[in-house]
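Since the structure comes first, as structure tokens, the remarks are kept for the end.
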Amino acid sequence: NSLVAKLRMLGPMHVKRGVGIAMMGPMGEALLETLSANIGKDVWTPAVQAAWLWLWTFLTKGMELSLQSAGEEYDLVQSSFDIVIENLTEQEFADLIYENLMRYGPSIPNHGRPKMFLSVKLFEMLTTLVS
């Protein structure tokens, strides 16, 4: 399920930013209140409220599981990424990512952008996720 995969990816990012599971309750309350106040009484029915409550409960449980495992996984990702960065320049790593991407996904469009531009963008995206 793509929603589960997204939740799993969000765990490390939230751990890094100091977000804990205790914050999910207030966030859910704020979300539901904002939605109910702005959707309109004719649309914000008990069924719609129940659907949003279900979604938030699902997200909270998924995030809780993700946060529990994210600390160790994130540490492993960070330490292994640091090793790569110690052994290669940023540009070398970026070029290798691009070359491997084109090897595994030759039909991925480059939108007319040069390799240098795309490789740097891929590296920036990865460092944003890892750092």
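For the stretch 109-131, a residue qualifies if it is open to solvent by less than 90 Å² (accessible area, probe 1.4 Å) and over 30 Å from HIS14 (Cβ atoms), and the qualifying residues are PRO109, ASN110, GLY112, PRO114, LYS115, PHE117.
Close contacts from the stretch 110-125, counting a first residue that is touching a residue at least 12 places away in the same chain (Cβ under 8 Å) and a second that is open to solvent by 50 Å² or more (accessible area, probe 1.4 Å), with Cβ to Cβ under 7 Å and a gap of 6+ residues or different chains, come to LEU118/ASN110; LEU122/LEU101; PHE123/GLU90.
Pairing residues of the stretch 34-62 that are farther than 22 Å from LEU7 by Cα with residues that are in a helix (DSSP H, G or I) and open to solvent by 70 Å² or more (accessible area, probe 1.4 Å), at Cβ distances under 8 Å and at least 6 apart in sequence or on separate chains, gives SER36/GLN49. Residue count for the stretch 1-41, restricted to those that are β-branched (Val, Ile, Thr) and farther than 23 Å from VAL77 by Cβ: 2.
Matching residues to (1) surrounded by 14 or more Cβ atoms within 10 Å (Cβ to Cβ); (2) modelled with pLDDT of 90 or more; (3) in contact with a strand residue (DSSP E or B) (Cβ under 7 Å, 6 or more places away or on another chain):
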| position | (1), (2), (3) |
| --- | --- |
| MET24 | yes, no, no |
| ALA37 | no, no, no |
| VAL48 | no, yes, no |
| TRP54 | no, yes, no |
| GLY62 | yes, no, no |
| SER66 | yes, no, no |
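I'd like to verify a number: residues in the stretch 96-108 that are open to solvent by 80 Å² or more (accessible area, probe 1.4 Å) and part of a loop (DSSP other than H, G, I, E, B), how many? Lay out the reasoning, then the answer.
Quick first cut of the stretch 96-108, residues open to solvent by 80 Å² or more (accessible area, probe 1.4 Å) only: 99, 103-104, 106-107.
From the residues that got through so far, the ones that are part of a loop (DSSP other than H, G, I, E, B) too are 106-107.
Selection size over the stretch 96-108: 2.
Rundown of residues vs (1) under 27 Å from LEU126 (Cα atoms); (2) in a loop (DSSP other than H, G, I, E, B); (3) out of contact with any Ser or Thr (no Cβ under 8 Å at 6 or more places or on another chain), yes/no style:
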residue	(1), (2), (3)
LYS6	yes, no, yes
GLY18	yes, yes, yes
ALA30	no, no, yes
SER36	no, no, yes
ASP42	no, yes, yes
GLN49	no, no, no
LEU53	no, no, yes
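The values are calculated or read from the model by the stated rules, or taken from the named source; none is laboratory data. Everything numeric here is computed off the predicted structure, so don't read it as measured data. Here Cβ is always computed from backbone atoms with ideal geometry, including for glycine, and neighbour counts include all displayed protein chains. With ligands, DNA and RNA removed, areas are computed over all heavy atoms of the protein, side chains included. Shrake-Rupley method; radii C 1.70, N 1.55, O 1.52, S 1.80 Å.
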